[in-house]
Amino acid sequence: MLKGKTVVLAVTGSIAAYKIASLASTLKKLEADVHVLMTENAENFIHPITFETLTGNKCLIDTFDRNFQYSVEHVSLAKLADVVMIAPASANVIGKVANGIADDMLTTTVMACRCKKIVVPAMNTNMFVNPIVQDNLDKLRHFGYEVVDPATGYLACGDTGQGKMPEPKLLLEYILKEIQYEKDLAGKRVLVTAGPTQEAIDPVRFLTNHSTGKMGYALATVCMRRGADVTLVTGPTQTEKPKFVRMIPVRTAKQMFDAVTEHAGDQDIIIKAAAVADYRPKYQSDEKVKKQDGELAIEMERTDDILQYLGDHKKEGQYLCGFSMETEQMMENSRKKLKKKHLDMIVANNLKVEGAGFGGDTNVVTMITDDAEISLGKMTKEETAAHIISQILKEQEKRK
């Protein structure tokens, strides 16, 4: 995932330093080349050997250490870096960097880097809200640094408040956003729909389907990491929500129709991956429907066809991609849908194929356009999403 990418983790003197070992390990598993810089104070919280074991690279602390592989270590490493994350970032190091002070290996390397730099403050609440610290953080933002807001909770000092370093999983998301993909969607607005809808029978029961939203969420994530401004309209799911996208939660097909049509007009790409109910109960009971002898029949009515509406009202230059889940005659049914709904592409899969369908972490799809059919093998949903986006960009390039 991150093969060929160099990540520099700069660790300062904070009790949260131990958490960075987990981040370094995860990045290494994703095939990144990980280098760790430490201040001397950071050694009081975690030993350099820990990072050297996890990354396979020497942990750098002393600017004048002669046992290194580069002629000018901090400059050479700075040239290699694709992203630098200072985490945890103490008030001391934040102040130094904000005011141009470079007096150790960490600060000199950070100063020499021209790549994206992400700062993760971690300190006592009173220190964090101190106007001097806040002024220094504003300086860093002014100079292009990204500042991650600290979490709020119980701190090591015994206080409760803002100042906790976010968990490594969130810090990884910031790094992936920056370097996983080329920013070939920069400046593009993308709307993605995901998940199921729920159509109420009464206050207790509803009709729905097995969609978990994983495919749509993967598409939204990939678009975001490729630089797009992403709006995600999502039905109710238990799947972890993507970071750094605009979320619009809905429940019913009507709510999804309203949300999508409200935002569709200014989108460059629309990818409709949600599993929207085709029918809903015609009448919804205000009270719980009680069990009775005999059969129960529910009269149903059609819901609004979101994809048909989008196809009929497609803006000039807008690219519209739909999804088609079938259990038989996948290609024939999908091509009919492509034509009838005026789509640019439809992504088809068969629920009966191993590795495809709802709930799993993989998918097996065929991308269909007017003049092409491109089948993908069994892949993770994120890999599938990346191929879909790349194909959309190729199709858009043909139009120019």
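The values are calculated or read from the model by the stated rules, or taken from the named source; none is laboratory data. Bear in mind that the values here come from a model prediction, so they are computed numbers and not experimental data. Cβ atoms come from the backbone with ideal geometry, glycine included; neighbour counts cover every protein chain shown.
Brief remarks follow.
- The set of residues from the stretch 248-305 being of a type in the set (Ser, Thr, Tyr) and within 37 Å of the chain's Cα centre (by Cα) comprises Thr252, Thr261, Tyr279, Thr303.
- Put simply, of Cys223, Cys157 the only residue that is surrounded by 16 or more Cβ atoms within 10 Å (Cβ to Cβ) and not β-branched (Val, Ile, Thr) is Cys223.
- Test: residue in the stretch 190-199 that is of a type in the set (A, V, I, L, M, F, W, C), part of a strand (DSSP E or B), closer than 27 Å to His263 by Cα and touching a His at 6+ places or on another chain (Cβ under 9 Å): yes
- Candidates Gly317, Gly355, Gly377, Gly359 - the one that is in contact with a His (Cβ under 8 Å, 6 or more places away or on another chain) and surrounded by fewer than 16 Cβ atoms within 10 Å (Cβ to Cβ): Gly359
- Residue satisfying condition, being at pLDDT 95 or above and either within 30 Å of Arg205 (Cα to Cα) or outside the structural domain of Val276 (by TED's automatic domain parsing) (or both), within set Ile389, Ile306, Ile374, Ile346: Ile306
- Those residues of the stretch 264-321 which are free of Cβ contacts under 8 Å to residues at least 60 places away in the same chain, under 26 Å from His210 (Cα atoms) and of a type in the set (Asp, Glu), in sequence order: Asp278, Glu295, Glu299, Glu301, Asp304, Asp305
- Strands (runs of 3 or more DSSP E) enclosed by the stretch 93-186 - at least 2 residues per element that are closer than 16 Å to Val8 by Cβ and touching an Asp or Glu at 6+ places or on another chain (Cβ under 6 Å): 116-121
Results for (1) part of a helix (DSSP H, G or I); (2) of a type outside the set (D, E, K, R); (3) free of Cβ contacts under 8 Å to residues at least 40 places away in the same chain, shown as yes or no for each residue.
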| position | (1), (2), (3) |
| --- | --- |
| Leu9 | no, yes, no |
| Gly13 | no, yes, no |
| Ala21 | yes, yes, yes |
| Thr26 | yes, yes, no |
| His35 | no, yes, no |
| Ala42 | yes, yes, yes |
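- Selection status of Ala151, modelled with pLDDT under 95 and hydrophobic (A, V, I, L, M, F, W, C): yes
- Residue within the stretch 74-91 that is more than 25 Å from the chain's Cα centre (by Cα) and modelled with pLDDT of 95 or more present: yes
- Here is the figure for the stretch 236-253: residues that are within 24 Å of Ile201 (Cα to Cα), without any contact (Cβ under 8 Å) to a residue 40 or more places away in the chain and either touching a strand residue (DSSP E or B) at 6+ places or on another chain (Cβ under 7 Å) or not in a loop (DSSP other than H, G, I, E, B) (or both) total 2.
- Selection status of Thr252, touching a helix residue (DSSP H, G or I) at 6+ places or on another chain (Cβ under 7 Å) and assigned by TED's automatic domain parsing to the domain that holds Val364: no
- Conditions (1) within 20 Å of Val233 (Cβ to Cβ); (2) not assigned by TED's automatic domain parsing to the domain that holds Pro203; number of the one not met by Leu320: (2)
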